[in-house]
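Student: Below is a structure I'd like to ask you about.
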Amino acid sequence: MGRLSDTGSTGSEALNASSPVSSAGGPLVDDPGLAAGLAADTANGSNEPIDQEVLAKRVGYNFGEPQLLSQALSHRSWCAEAGGLPSNERLEFLGDAVLGLVVAEHTYLRYPDLPEGALAKVRAAVVNTAVLAEVAKGLGLGDFLRLGRGEDSSGGRSKPSILANAAEALIGAVYLDGGWDAATRLVLDLLGPRISEAAAGPGAEDFKTRLQELVLSRVAELPRYEVVGTGPDHARHYAASVHVRNELVGRGEGRSKKDAEQAAARQAWRVLGGHREDALAAVRADEETAVRTSQETALRTDEETAVRTNEGSGTTADA
């Protein structure tokens, strides 16, 4: 147990070797009550038990300390209802740091020609709420979250912020359980293709720019974005959609308008770029019609203007 593959140490061995947390000899889980409150994998009556084997298979990692996984999936709303057990927020904090360092180290070693500014942009392109929420959705992480009744009933399992935080907490839990190597393998398994995509070239992480260039290369019109905000000011959530020639080509969500638009642009760019001929066939086919319509409209406008001018001239002459 406690490994992503057959190579490497077990969870406890790797932890003792590479994690400073275990060097003090303290418990891995923040509170002794978690062993009783979470190891049984019951969710205070409001959620289904966590199927450790199913989630381990999806993540590609078996925990030597299952309580860490339980804590990683425990939202503060559930913990409040469960008598104040520790939430996943501390693991989220740790996971955020581990994630950033793994991505930074990987890009530094993998792309020796990228300057500091470009490296920072690659990291920012993959270490953000929108991307982490997509990763969590891909794992089906929302199905395993421990949420309070109110948060669960209000759609908390699909909220990007909750999903992204859980993804970071999961990374933190894997780091504590299996050490640096296990955490590195997990992060690169989940984000490797996105890192490569972000490092592809200047502006590669800016999908709004990439989508704009793609669309403008085919039609003389910019993508159009629509953004809707919901929720209170302190927990605002945004949903964006992007349209080309009034056709919906992508959707995205985020904690800011910019994040939501970038997420929508990312989806649209992948769809249009991956199936370029099929996706833009209708757009290209409509372009000639649009041009002809524009020309006809301009011609009619010129004719009407000429008629009014002639009528005006005639009236002046009669006077």
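Read-outs throughout are calculated quantities, based only on the coordinates presented, and are distinct from any laboratory measurement. These numbers come from a predicted model, not from an experiment. Neighbour counts run over all protein chains shown; Cβ positions are idealised from the backbone, glycine included.
Student: Spin-label point model (7 Å from Cα, Cβ direction): what's the residue 218 to residue 52 distance in nm?
Tutor: Between residue 218 and residue 52, the label points sit 4.9 nm apart.
Student: Is there a quick way to get the dipole size of segment 89-241? I mean about its Cα centre, with the Cβ of Lys and Arg at +1 and of Asp and Glu at -1; what is the value in debye to the nearest 20? Mind showing how you got there, number by number?
Tutor: Details: 16 positive and 21 negative charges, 65 e Å.
Computed charge dipole of segment 89-241: roughly 300 debye.
Student: With 10 angstrom as the radius, rank 175, 61, 225 by how many other C-beta atoms surround their C-beta, starting from the fewest. Show your work: numbers first, answer last.
Tutor: Numbers: 175 30, 61 26, 225 19.
Least crowded to most crowded, the residues run 225, 61, 175.
Student: Here is a further query. Which part of segment 70-112 falls in the paramagnetic zone of residue 188, meaning amide N under 20 Å from the point 7 Å along Cα-to-beta-carbon?
Tutor: 95-112
Student: In percent, how large is the relative contact order of segment 175-277, given Cα pairs closer than 8 Å and 6 or more residues apart?
Tutor: Values: 145 pairs, mean separation 19.5, N = 103.
About 19 percent, as a whole number.
Student: I'd like to compare 156-165, 262-271: which one has the highest average count of other Cβ atoms within 10 Å, and what's the full order after that?
Tutor: Numbers: 156-165: 21.4, 262-271: 23.3.
Packing order, densest peptide first, comes out as 262-271, 156-165.
Student: While we're here: Quick one: compute the contact order of segment 119-173, relative version, from alpha carbon pairs under 8 angstrom and 6+ residues apart, as a percent. Let's see the in-between values first.
Tutor: Details: 39 pairs, mean separation 23.8, N = 55.
After rounding, I find 43 percent.
Student: Further, regarding this structure: Among 144, 63, rank each residue by its count of other Cβ atoms within 10 Å, from fewest to most, as a rough exposure measure.
Tutor: Values: 144 26, 63 22.
Fewest to most other Cβ atoms nearby, the residues stand as 63, 144.
Student: Which is farthest toward the positive dipole end of segment 64-165 among 94, 107, 165, measuring Cα position about the Cα centre, with Cβ charges +1 (Lys, Arg) and -1 (Asp, Glu)?
Tutor: It is 165.
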